[in-house]
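The values are calculated or read from the model by the stated rules, or taken from the named source; none is laboratory data. Predicted model only: the values in this text are computed from it and were never measured. Ideal geometry is used to build each Cβ from the backbone, glycine not excepted, and the neighbour counts take in all protein chains shown. Please note that ligands, DNA and RNA were not included when accessible areas were found on the heavy atoms of the full protein model with its side chains. Shrake-Rupley method; radii C 1.70, N 1.55, O 1.52, S 1.80 Å.
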Amino acid sequence: MDLVYLTKTVPELNQHRYYNIQVVRGLFGDWGLIREWGRIGRAGRIRTDWFANRADATAAGGKLGIQKGKRGYQEID
């Protein structure tokens, strides 16, 4: 998992949201989990969490993807 793009669209509730999860390598050998979320078509909020190794960052991203899936987000191919 290097990049996952999730969307949630519920027109009846005027919900048009996205959630972007990305694992990147830092400059000093650490690994970052970057997540961006917001309304589709608009700039969103961004948060980066840093991990000592890629496995931890990927595991955290996978866990986050599962949580978002339970809230109705779907992965875009």
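Work from the charge dipole of the chain (Cβ charges, +1 for Lys and Arg, -1 for Asp and Glu, about the Cα centre) and give the residue of 55, 74, 14 farthest towards its positive end.
14
Please turn the phi angles of the stretch 35-44 into ³J(HN,Hα) values with the Karplus equation 6.51 cos²θ - 1.76 cosθ + 1.60 (θ = phi - 60°), one per residue in order, whole Hz, x for glycine and proline.
Working through the residues one at a time gives 10, 10, 8, x, 7, 4, x, 10, 5, x Hz.
Would you calculate, for the chain, the mean residue ellipticity at 222 nm contributed by helices, counting each DSSP H stretch of 4 or more residues as -39,500 (n - 2.57) and dividing by all residues, to the nearest 500?
Working: 1 runs with 17 residues, N = 77.
That comes out to -7500 deg cm²/dmol.
Along the charge dipole of the chain, which of 4, 37, 65 sits closest to the positive end, that is, farthest toward it, with unit charges on the beta carbon of Lys, Arg, Asp and Glu (+1, +1, -1, -1)?
Value computed over the given set: 37.
On average, how much area does the Cα convex hull of the chain cover when viewed from any direction, in nm²?
For the chain, the mean projected area of the Cα convex hull comes to 5.3 nm².
To the nearest 20 Debye, how big is the dipole of the chain about its Cα centre, given +1 on the beta carbon of each Lys and Arg and -1 on that of each Asp and Glu?
Values: 13 positive and 8 negative charges, 63 e Å.
Here the size comes out at about 300 debye.
Please give the contour-minus-distance gain from residue 45 to residue 77: 0.36 nm per residue of separation, less the Cα-Cα distance, rounded to one decimal in nm.
9.3 nm
Residue by residue, what Karplus-based ³J(HN,Hα) values in Hz, rounded to whole numbers, does the stretch 60-77 have, using 6.51, -1.76 and 1.60 with θ = phi - 60° and x for Gly and Pro?
Those phi angles translate into 5, x, x, 5, 5, x, 5, 4, 5, x, 5, 8, x, 6, 10, 6, 9, 7 Hz.
Please compute the per residue accessible area over the chain with all protein chains in place, 1.4 Å probe, rounded to a whole number of Å².
70 Å²
Could you work out how much longer the chain between residue 56 and residue 10 gets when fully extended? Use 0.36 nm per residue separation minus the Cα distance between them, nm to one decimal. Don't skip to the answer; put the middle values down first.
Numbers: separation 46, 0.36 × 46 = 16.56 nm, distance 3.26 nm.
Full extension of this stretch gives 13.3 nm more.
Tell me, what % of the accessible area of the stretch 16-77 is carbon and sulfur with a 1.4 angstrom probe?
Within the stretch 16-77, the accessible surface is 49 percent carbon and sulfur.
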